[in-house]
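Since the structure comes first, as structure tokens, the remarks are kept for the end.
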Amino acid sequence: MKSAAYLLVLLLLCAPAGAQTLAVTGGKVHTVGPLGTLDDATIIIIDGRITAVGRDVPVPPGARRIDA
């Protein structure tokens with residue numbers, strides 16, 4: 001019963017983390033597509049999903065920025 005309660009608390013704490021916009025900037029991104037490796041790239045993550053990757057990707061207003 002305790003482990004079920006701990007799991008519930010963990011799920012409740014993690015839920016808000018997925019509902020945010022993150023911008024990881026200035027990193028090296030290795031793609032599996034024709035773009036190959038991108039230096040000084042930006043990755044935009046909205047609600048836990050990658051929505052954009054590239055060198056000239058604009059950072060959405062209000063996004064939490066993480067410098068890679």
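Here, each number is a calculation from the coordinates, and none is a lab measurement. As the structure is a prediction and not an experimental result, all values here were calculated from the model. Cβ placement follows ideal geometry from the backbone for every residue including glycine, while neighbour counts extend to all protein chains displayed.
Points worth noting:
- The residues neighbouring Leu35, those whose beta-carbon lies less than 14 Å from its own, together hold a net charge of -1 under the Lys/Arg +1, Asp/Glu -1 convention.
- If you wrap the tightest convex hull around every Cα atom of the range 14-67 and split its volume per residue, you get 79 Å³.
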